[in-house]
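Have a look at the structure below before the remarks.
The values are calculated or read from the model by the stated rules, or taken from the named source; none is laboratory data. Because the structure is a prediction, the values reported are computed rather than measured. Here Cβ is always computed from backbone atoms with ideal geometry, including for glycine, and neighbour counts include all displayed protein chains. What goes into the accessible areas is simple: the full protein's heavy atoms, side chains included, and nothing from ligands, DNA or RNA. Shrake-Rupley method; radii C 1.70, N 1.55, O 1.52, S 1.80 Å.
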Amino acid sequence: MTRLVKLADDALGEGILIDDDRQLVSQILVPSRYQTDHITDVTIMAAPTDVYTLQMQLIANQKYWMWPVTGTVLAFPDAAKSHQVN
């Protein structure tokens, strides 16, 4: 399942994309610069540090991999589909 975590009141604010099935997390990005219509699970955070903290917890504590997101649609690239959780 892919989900988006982003700031509440900042149209150009920080966000991260998370794929819990493959344990992937994106770089810090600006969600409003991407097409996000397909994402139904969105979590709103109050402060930028909440987004950064979640990203670091996923990487450090839960062993998620950081996988960069590019393009116009907010989604992990096709190459990420082959990532396997150990």
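I'd like to check one number: the per residue accessible area of the chain, probe 1.4 Å, reported in Å² as a whole number. The partial results should precede the final answer.
Working: 5190 Å² over 86 residues.
Accessible area per residue: 60 Å².
Under 5 Å between amide hydrogens, which residues at least 5 positions from V69 or on another chain qualify, with H placed 1.01 Å from N in the peptide plane?
Amide H neighbours of V69: Q27.
Here are some values of percent of Cα pairs over 21 Å apart: [x] 32; [y] 22; [z] 40. Which one was computed from this structure?
Computing percent of Cα pairs over 21 Å apart and matching it to [x] 32; [y] 22; [z] 40 gives [y].
Calculated from DSSP H runs of 4 or more alone, at -39500 (n - 2.57) each and per residue, what is the 222 nm mean residue ellipticity of the chain, nearest 500?
Working: 1 runs with 13 residues, N = 86.
Dividing the helical sum by the residues of the chain leaves -5000 deg cm²/dmol.
Quote the relative contact order of the chain in percent (integer), defining contacts as alpha-carbon pairs under 8 Å separated by 6+ residues. If you can, show how the numbers build up before the last one.
Numbers: 146 pairs, mean separation 27.8, N = 86.
Value for the chain: 32 percent.
What fraction of the DSSP beta bridges in the chain is antiparallel, stated in percent and rounded to the nearest 5?
Values: 8 of 15 bridges.
Close to 55 percent.
Calculate what fraction, in whole %, of the accessible area of region 3-72 sits on carbon and sulfur atoms when a 1.4 Å probe is rolled over the protein chains.
Details: 2120 of 4040 Å².
Accessible surface attributable to carbon and sulfur in region 3-72 totals 52 percent.
Can you check what the net charge comes to around L7, using other residues whose Cβ is under 10 Å from the Cβ of L7 (Lys, Arg +1; Asp, Glu -1)? Could you put the intermediate results ahead of the total?
Details: positive: K6; negative: D9, D10, E14, D50.
Once all neighbours under 10 Å are counted, the net charge is -3.
For P31, what charge total do you get from the other residues with a beta carbon under 9 Å from its beta carbon, if Lys and Arg give +1 and Asp and Glu give -1? Present the calculation step by step, with values, prior to reporting the outcome.
Working: positive: K6, R33; negative: E14.
Its environment carries a net charge of +1.
How would V85, V30, V51 line up by accessible area, probe 1.4 Å, largest first? Display every interim value, and only then the final one.
Working: V85 65, V30 30, V51 0 Å².
Putting V85, V30, V51 in descending order of accessible area: V85, V30, V51.
Filter the trypsin sites (Lys or Arg not before Pro) in region 1-72 down to the DSSP loop ones having no more than 12 other Cβ atoms within 10 Å, then list what survives. Mind dumping the intermediate values first?
Values: sites: R3, K6, R22, R33, K63; in loops: R22, K63.
Of the trypsin sites (Lys or Arg not before Pro), the ones in loops of region 1-72 whose Cβ has at most 12 other Cβ atoms within 10 Å are K63.
Where Lys and Arg each count +1 and Asp and Glu each count -1, what net charge lies around A47 among other residues with Cβ under 11 Å from its Cβ?
Numbers: positive: none; negative: D9, D10, E14, D50.
Value of the local net charge: -4.
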